[in-house]
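The values are calculated or read from the model by the stated rules, or taken from the named source; none is laboratory data. Predicted model only: the values in this text are computed from it and were never measured. No Cβ is skipped: glycine too gets one built from the backbone with ideal geometry, and neighbour counts run over all protein chains shown.
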Amino acid sequence: MAEDQSASGSRPEIPNRLFFRIGEVTRIAGVEAHVLRFWESEFPMLSPRKTPKGQRQYRRKDLETILAIKQLLYRDKYTIAGARRALRTNSAAARRAEPEPAAAAPPGGGTSQPPQDDGKASRPVSREGLAEIRSGLEQILRLLEP
């Protein structure tokens, strides 16, 4: 897969279309298809519709959610449960605050994104957090086993 686009801090351009196939989403988001399928099982707000043949059709909203999940997990180092909570909290706050997309807000303003970690302070991980991480990794392993 191509180099992680979020590592440079820029979000990839999302084409102006109604639906995207899983292959297109993997190219735009920079994650593998099995990762997307795993995220669907872990994040209830990520629910692409399926065609009669069972192919996933992602909406623009789904793609934006995927990019937010990727940022939370890979750049901000959230756990799966932490990212789920952050997305739930931020989407609820965004619905209450303003109808405009968060991308239109200035950086550091009232966006629906979680606070940015400057990398100077690390978050302490509790024993429960480590157990949660282990459980998530075991689930991924089970998905990858033949």
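Structure values in brief
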| read-out | value |
| --- | --- |
| Helices (runs of 4 or more DSSP H) lying entirely in the range 17-75 (those with 3 or more residues that are in contact with a Gly (Cβ under 6 Å, 6 or more places away or on another chain), at pLDDT 95 or above and not hydrophobic (A, V, I, L, M, F, W, C)) | none |
| Counted residues, the range 14-32 - those being farther than 18 Å from Gln71 by Cβ and of a type outside the set (Val, Ile, Thr) | 9 |
| Any hit, the range 58-80, residues being surrounded by fewer than 16 Cβ atoms within 10 Å (Cβ to Cβ) and among the aromatic types (Phe, Trp, Tyr) | yes |
| Number of the condition not met by Glu100 [criteria: (1) at pLDDT below 85; (2) within 20 Å of Leu137 (Cα to Cα)] | (2) |
| Meets criteria (within 15 Å of Arg11 (Cα to Cα), assigned to a helix (DSSP H, G or I) and either modelled with pLDDT of 75 or more or of a type in the set (D, E, K, R) (or both)) for Gln139 | no |
